[in-house]
1. Restricting to segment 192-201, name every residue that is loosely packed, with under 14 Cβ neighbours inside 10 Å and touching a residue at least 60 places away in the same chain (Cβ under 8 Å).
2. Go through segment 198-254 and report how many residues are among the basic types (Lys, Arg) and under 30 Å from Leu306 (Cβ atoms).
3. State whether one or more residues within segment 471-478 are in contact with a Phe, Trp or Tyr (Cβ under 8 Å, 6 or more places away or on another chain), modelled with pLDDT of 95 or more and crowded, with 17+ Cβ neighbours inside 10 Å.
4. Look at Leu120 and say whether it is assigned to a helix (DSSP H, G or I), modelled with pLDDT of 95 or more and of a type in the set (A, V, I, L, M).
5. Can you tell me which residue among Gly453, Gly462, Gly432 is surrounded by 14 or more Cβ atoms within 10 Å (Cβ to Cβ), modelled with pLDDT of 95 or more and on the phi > 0 side of the Ramachandran plot?
6. Against the definition (in contact with a strand residue (DSSP E or B) (Cβ under 7 Å, 6 or more places away or on another chain), hydrophobic (A, V, I, L, M, F, W, C) and farther than 23 Å from Thr58 by Cα), how does Leu226 come out, yes or no?
7. Inside segment 412-495, counting only helices (runs of 4 or more DSSP H) that do not spill past its ends, which hold 3 or more residues that are closer than 21 Å to Glu133 by Cα and under 21 Å from the mean Cα position of the chain (by Cα)?
8. Restricting attention to segment 156-208, which residues are basic (Lys, Arg) and not in a strand (DSSP E or B)?
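The values are calculated or read from the model by the stated rules, or taken from the named source; none is laboratory data. On a predicted model such as this, the values are computed, not experimentally measured, just so you know. For neighbour counting, all protein chains shown are included, and Cβ atoms are generated from backbone atoms with ideal geometry for every residue, glycine included.
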Amino acid sequence: MTQSVADRTPIRSIVILGGGTAGWMTAAALSKALQAQGFEIRLVESDAIGTVGVGEATIPTIHWYNQLVGLNEAEFMAATKATYKLGIEFQGWQGDGHAYFHPFGTYGGPGDGTTFPHRLIRAWLGGLDADPEDYSLTTQLARQRRFIQPANDPRSLLSTLGYAYHFDAGLYAAFLRKQAEARGVLRHEGKVTEVEQDGETGFVHSLTTDRGERLTGDLFIDCSGLRGLLIEDRLKAGFEDWSHWLPCDGAWAAPTAADAAPVPYTRAIAHEAGWRWRIPLQHRVGNGYVFSSRFQSPDAARETLLAAIGERSAEPRLIRFTPGRRKRAWIGNVVAIGLSSGFLEPLESTSIHLIQTGIGKLLSLFPRASCDPLLAEQYNRIFAREMEDVRDFLVLHYHFTAGRNDPMWQHCQSTPMPDTLAYKVAQFEASGRIMLTNEDLFRDASWFAVMTGQGIRAHDYGPMLDAMPDAENLRHLEAVRAAVRQSCERIPPIT
């Protein structure tokens with residue numbers, strides 16, 4: 001069917017509600033990607049409304065976004081007080097004194113990332129007491145405070161590396177604001193007091209602020225945070241609550257002085273009713289305690305954080321949330337990006353990723369002024385899948401704890417897993433296989449690291465390895481371990 005002329009009317013004006021990390025990431029990306037098309041992009045935010053942003057930890061997908069908006073790494077790191085991040089260390093999730101590492105690179109040698117876990121499983125089943133950390137160059141560099149850029153040569157062991165950043169979210173938003181405003185994005189100060197909708201289509205037509213400004217637009221991006229001023233308050237998207245799987249509903253955050261020698265990884269430390277983050281930046285350390293108010297009062301949680309971090313450089317700040325997602329993140333001509341679309345705690349540092357993947361989906365499905373509902377349907381399908389993928393990875397940590405007998409952890413251990421996660425776990429236990437789709441965010445190395453770190457054991461491995469004698473498999477493992485050690489010794493420490 002041929003579209004009518006009216007259906008092809010292009011979008012000319014975009015209004016972004018809310019600044020902070022989500023708003024300015026969206027503004028910077030749209031102004032860069034759409035700059036040749038002459039769009040008018042305006043952002044409305046109020047200095048009187050705080051943002052959730054604290055010290056942010058990211059995952060390697062951040063490189064896609066930074067490249068999209070044309071950021072220079074050295075300038076970006078200086079402006080945001082960033083440090084390198086090679087992975088996450090989980091302390092105490094299998095009891096006090098236990099720790100394991102989730103690296104951002106792959107295990108084994110170059111080109112062997114999918115098969116290598118099976119080599120280790122085979123050796124374990126044969127009685128070898130081998131630590132997976134010994135076969136991950138990324139992990140060894142993290143442990144020894146060393147860093148080097150990954151190699152593009154697929155034959156190099158350095159091609160197995162992966163990294164992201166820790167940075168100050170407020171400084172990141174400010175840095176992106178400069179980029180966006182330089183490309184013509186206009187910022188309007190004020191709180192939105194009125195939302196006008198079209199009587200026939202239900203499309204949002206304009207926003208009016210407490211300063212009397214009226215901003216009309218063809219497309220509205222809701223970056224208003226947990227409240228979801230447009231997507232929920234106005235359009236009633238609905239919310240899917242996941243707190244039965246993820247019981248934490250609050251977080252205290254407080255900074256401390258910078259470490260003299262910051263480690264290139266995030267720490268996630270299990271506590272009585274949740275877990276504590278430690279994120280080293282150039283100018284400070286970001287600390288926080290994510291907790292469940294069903295099992296610990298906010299006041300007690302605050303004391304837990306303060307007792308753990310010592311002298312703080314600012315008063316702790318309380319953030320309340322409900323884990324889950326909006327049932328629809330795109331309705332009519334409104335697209336929710338960031339916390340307005342849902343919230344998943346920062347255990348695996350996915351908050352920034354979920355902002356940028358929302359931006360990526362919007363760009364790939366960018367509509368005309370009519371905002372074809374089929375585009376919104378596709379966006380919402382992919383959004384739901386991405387959120388469930390991250391949810392399952394987080395539940396994996398909570399469900400498979402051992403050595404922790406606190407009531408909250410017992411609750412997590414006894415709560416049935418989502419069916420999608422139970423399937424992945426059953427497949428891994430039976431055959432060592434990690435069942436992923438092309439759309440899954442976390443890949444084989446990540447699932448292998450957390451599954452084995454949380455005590456899940458495979459009872460078999462891929463039978464294709466049987467073509468190699470046991471002795472040869474062991475020699476291969478030893479060669480990889482030696483190569484990792486030797487390569488690590490040649491890489492300089494972080495200065």
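1. Residue satisfying the conditions is Thr201 alone.
2. So the first thing to find is which residues in segment 198-254 are among the basic types (Lys, Arg), and the list is 211, 214, 227, 234, 236.
After this cut, where a residue has to be under 30 Å from Leu306 (Cβ atoms) as well, the list is 227.
So the answer is 1.
3. Within segment 471-478, the subset in contact with a Phe, Trp or Tyr (Cβ under 8 Å, 6 or more places away or on another chain) is 477.
Still in the running and modelled with pLDDT of 95 or more: 477.
Checking which are crowded, with 17+ Cβ neighbours inside 10 Å leaves us with 477.
Within segment 471-478, one or more residues are in contact with a Phe, Trp or Tyr (Cβ under 8 Å, 6 or more places away or on another chain), modelled with pLDDT of 95 or more and crowded, with 17+ Cβ neighbours inside 10 Å.
4. Yes: the conditions hold for Leu120.
5. Working: Gly453 fails: on the phi > 0 side of the Ramachandran plot; Gly462 fails: on the phi > 0 side of the Ramachandran plot.
Unique residue meeting the criteria: Gly432.
6. It is false that Leu226 is in contact with a strand residue (DSSP E or B) (Cβ under 7 Å, 6 or more places away or on another chain), hydrophobic (A, V, I, L, M, F, W, C) and farther than 23 Å from Thr58 by Cα.
7. Passing ranges, in order: 444-453.
8. Hits for segment 156-208 are Arg177, Lys178, Arg183, Lys191.
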